[in-house]
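Below is one structure; the comments refer to it alone.
The values are calculated or read from the model by the stated rules, or taken from the named source; none is laboratory data. Keep in mind the model is a prediction, meaning the values are calculated, not measured. Reconstructed Cβ throughout: ideal geometry from the backbone, glycine too, with neighbour counts over all protein chains shown. Remember, those area values only see protein heavy atoms, side chains included, never the ligands or the DNA or RNA. Shrake-Rupley method; radii C 1.70, N 1.55, O 1.52, S 1.80 Å.
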Amino acid sequence: MNRNGLGIIKREDVTRELDVARAVAERFEEAGRVGGNAPRCFIRTFGCQQNEADSEQLAGLARVMGYAPAEREEDADLILVNTCAIREHAEKKALSVIGTFKHLKEANPDLIIGVGGCMTSQKHRADTLKNSYPYVSFTFDTGSLYRLPSLVAEAMGGKRKFAESDVYGIAEGVPVFPKTPHSAWLSVMYGCNNFCSYCIVPYVWGRERSRDPDDVIEEAKRLIDGGAKSITLLGQNVNSYGTESDHGCTIAELMRRICRLDGDFVLRFMTSHPKDASDELIDVIAEEEKVVKHFHLPVQSGSDRILERMNRKYTREHYLGIIDKMKKKIPDVTVTSDIIVGFPGEEDADFEDTMDLLRRVRYDMVFSFIYSPRVGTPAAKMTPAVPHEVSAERMERLLALQTAVSDERNKRFLGRKVRLLTEEISRTDPSMLTGRGDPARPVHFSGDPSLIGSFVDVEITEAGAFSLTGKIV
Ligand code: 5AD
Ligand code: SF4
């Protein structure tokens, strides 16, 4: 139990779910549904890396239940949708995808459809799915993913069940079926206590709770033994790691411990809140060879007035101070950020402050979003709303500026040799491979697909705003 009163979900509860999962697998086995005839599970994931990581747990549980992965929804006996609620667009997209499953259910009445994650952790959305999507069998919230086996077993018996958003703990021992074992996610904490006025996360993920450092280290070892060459530590606010626990281990110490593990791997982390980005954390990035020299530090706005309305709890000067400190310690650091455009009350002068901040920081890359009101958050009631045309025009200007800066920043790599982890076959050109390293953007190079999962040294020969190209040296 940590000081937020949020416990570790009991190991017995997870074990019980695994027993249910194995019982489901036995039923499939008795019905001859094994091997090529095994039932199939299709998982569609929306949203951030946390959801990607959670979907690998869903896949792990589905595997214990006897499901093989399905390539397409059409081939599935079980469809799971892991949703995002960060902006309205993400929710609309998920709902429209779920809508397309209606005809699949008509064609196959035994099809089980489960929807979970951030969107369904809001009562009004769980209610919508219950009442207007009769072909959805169950929903589960962000904290009760480990209950998937029971939900599936009940759905097989014809029961529909809808999440109540009551479980905000940590479930240890849930099996994982990684999509890319060489590039692994590792959740270290869940939830957020910051209540930025625009953000739905604290409502759908609950309060901050951190995993025990020993559990994290054990998992890191397992991942490395399983072939992980890149580990990304995940948390909605990793700087708060451990602050609500009694173990006293900070995120910086945790990273140092992971770096001490044997193996050739790199370590990344996200996401950080500027109000508690510590010197200790900057030192870890600077000093530890295994840590990728990249800091994602979302600023959201360059205007103090808007930062205050956003309840961000830092000023523009404080933020720029962190960036200065970091650039002094790590001159070549890659810095990226998130920006919200068109927050309620954002005036031209506020937006110009954001543009000015972008010019001063010179980010390698920025993820920018038009503000989207979220039901139940304070900002949803703030006025005046910025008209969409104004936000869209500001966004266009921001993108133009940032594209030019990203282009210049990426050009610093020209002629340089960088060490990359070969991640995949390029999504845009199947004759190329894509790797990642210190540059914020992916690097494309030609090479044999057998290199996927290995480190390569690549000399950068072309660099644009959105990608880099190189050749293996
Ligand atoms: N509208 C627009 N963007 C948002 N983000 C979070 N909430 C909202 C919202 N309501 C953005 C922030 C955050 C990123 C993950 O999503 O920039 O850092
Ligand atoms: Fe949302 Fe703010 Fe928490 Fe990030 S720190 S998850 S933006 S409330």
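Looking only at segment 79-107, residues that are in contact with a helix residue (DSSP H, G or I) (Cβ under 9 Å, 6 or more places away or on another chain) and farther than 25 Å from TRP205 by Cβ come to 4 in all. With respect to (1) open to solvent by less than 30 Å² (accessible area, probe 1.4 Å); (2) part of a strand (DSSP E or B), the lone exception for ARG419 is condition (1). Among the residues making up segment 303-317, those that are within 16 Å of ligand 2 (Cβ to nearest atom) and crowded, with 16+ Cβ neighbours inside 10 Å are ILE306, LEU307, ARG309, MET310, ARG312, TYR314. Screening segment 197-234 for residues that are within 18 Å of the chain's Cα centre (by Cα) and within 13 Å of ligand 1 (Cβ to nearest atom) and picking the one that is most open to solvent (accessible area, probe 1.4 Å) gives TYR203. Screening ASP407 on (1) outside the structural domain of SER301 (by TED's automatic domain parsing); (2) surrounded by fewer than 16 Cβ atoms within 10 Å (Cβ to Cβ); (3) acidic (Asp, Glu); (4) under 30 Å from PRO331 (Cα atoms) shows it passes everything except condition (1). Counting only residues that are hydroxyl-bearing (Ser, Thr, Tyr) and open to solvent by less than 20 Å² (accessible area, probe 1.4 Å), segment 426-471 holds 2 of them. For segment 181-196, the set of residues classified as part of a loop (DSSP other than H, G, I, E, B), open to solvent by 20 Å² or more (accessible area, probe 1.4 Å) and within 16 Å of ligand 1 (Cβ to nearest atom) consists of ASN193, PHE195, listed by residue number. Among the candidates ALA400, ALA404, ALA349, ALA380, the residue that is at negative phi and within 16 Å of ligand 1 (Cβ to nearest atom) is uniquely ALA380. Before we move on, is VAL386 open to solvent by less than 50 Å² (accessible area, probe 1.4 Å), away from ligand 2 (no atom under 16 Å from the Cβ), free of Cβ contacts under 8 Å to residues at least 60 places away in the same chain and in a strand (DSSP E or B)? No, not satisfied. Comparison of LEU111, LEU145 shows that the only residue that is open to solvent by less than 60 Å² (accessible area, probe 1.4 Å), outside the structural domain of GLY242 (by TED's automatic domain parsing) and touching a Gly at 6+ places or on another chain (Cβ under 9 Å) is LEU145. Considering only residues in segment 332-376 that are aliphatic (A, V, I, L, M) and within 16 Å of ligand 2 (Cβ to nearest atom), the one that is surrounded by the fewest Cβ atoms within 10 Å (Cβ to Cβ) turns out to be VAL375. For beta carbons closer than 9 Å, sequence separation of 6+ or different chains, a first residue in segment 59-86 that is touching a residue at least 60 places away in the same chain (Cβ under 8 Å) and within 23 Å of ALA126 (Cβ to Cβ) and a second that is of a type in the set (Phe, Trp, Tyr) and within 16 Å of ligand 2 (Cβ to nearest atom), the qualifying pairs are ALA85/TYR203; ILE86/PHE369. Please tell me if LEU281 is surrounded by fewer than 21 Cβ atoms within 10 Å (Cβ to Cβ) and in a helix (DSSP H, G or I). Spelling it out, it is not the case that LEU281 is surrounded by fewer than 21 Cβ atoms within 10 Å (Cβ to Cβ) and in a helix (DSSP H, G or I).
Could you run through segment 9-41 and say how many residues are surrounded by 17 or more Cβ atoms within 10 Å (Cβ to Cβ) and closer than 24 Å to GLN236 by Cα? Residues that pass the stated criteria total 2. Taken as a whole, the structure leaves ARG44 outside the set of residues that are at pLDDT 95 or above, in the same structural domain as THR15 (by TED's automatic domain parsing), in contact with an Asp or Glu (Cβ under 6 Å, 6 or more places away or on another chain) and open to solvent by 60 Å² or more (accessible area, probe 1.4 Å). Among helices (runs of 4 or more DSSP H) entirely within segment 1-116, having at least 2 residues that are within 16 Å of ligand 2 (Cβ to nearest atom) singles out 49-64, 88-99. Of all residues in segment 312-328, those that are in the same structural domain as HIS273 (by TED's automatic domain parsing) have Cβ atoms under 7 Å from Cβ atoms of residues that are among the β-branched types (Val, Ile, Thr) and within 16 Å of ligand 2 (Cβ to nearest atom), 6 or more apart or on another chain, in TYR319/VAL299. Exactly one residue among PRO178, PRO134 is at pLDDT 95 or above and assigned to a loop (DSSP other than H, G, I, E, B), and that residue is PRO134.
One residue stands out among those in segment 57-105 that are within 16 Å of ligand 1 (Cβ to nearest atom) and of a type in the set (Val, Ile, Thr): the one that is nearest to THR142 (Cα to Cα), which is THR83. Can you tell me which residue is most open to solvent (accessible area, probe 1.4 Å) among those in segment 243-264 that are within 17 Å of ARG211 (Cβ to Cβ) and assigned to a helix (DSSP H, G or I)? In this case the residue turns out to be ARG257. Screening LEU80 against (1) over 30 Å from ASP338 (Cα atoms); (2) buried (at least 21 other Cβ atoms within 10 Å of the Cβ) leaves a single unmet condition, (1). Of all residues in segment 283-301, those that are within 16 Å of ligand 2 (Cβ to nearest atom) and not polar (S, T, N, Q) total 5. All conditions but one from (1) buried (at least 18 other Cβ atoms within 10 Å of the Cβ); (2) touching a residue at least 40 places away in the same chain (Cβ under 8 Å) apply to LEU267; the one that does not is (2).
Return a yes/no flag: does segment 390-399 have any residue that is open to solvent by 50 Å² or more (accessible area, probe 1.4 Å), under 26 Å from the mean Cα position of the chain (by Cα) and either within 16 Å of ligand 2 (Cβ to nearest atom) or free of Cβ contacts under 8 Å to residues at least 24 places away in the same chain (or both). Among the residues of segment 390-399, at least one is open to solvent by 50 Å² or more (accessible area, probe 1.4 Å), under 26 Å from the mean Cα position of the chain (by Cα) and either within 16 Å of ligand 2 (Cβ to nearest atom) or free of Cβ contacts under 8 Å to residues at least 24 places away in the same chain (or both), which makes the answer yes.
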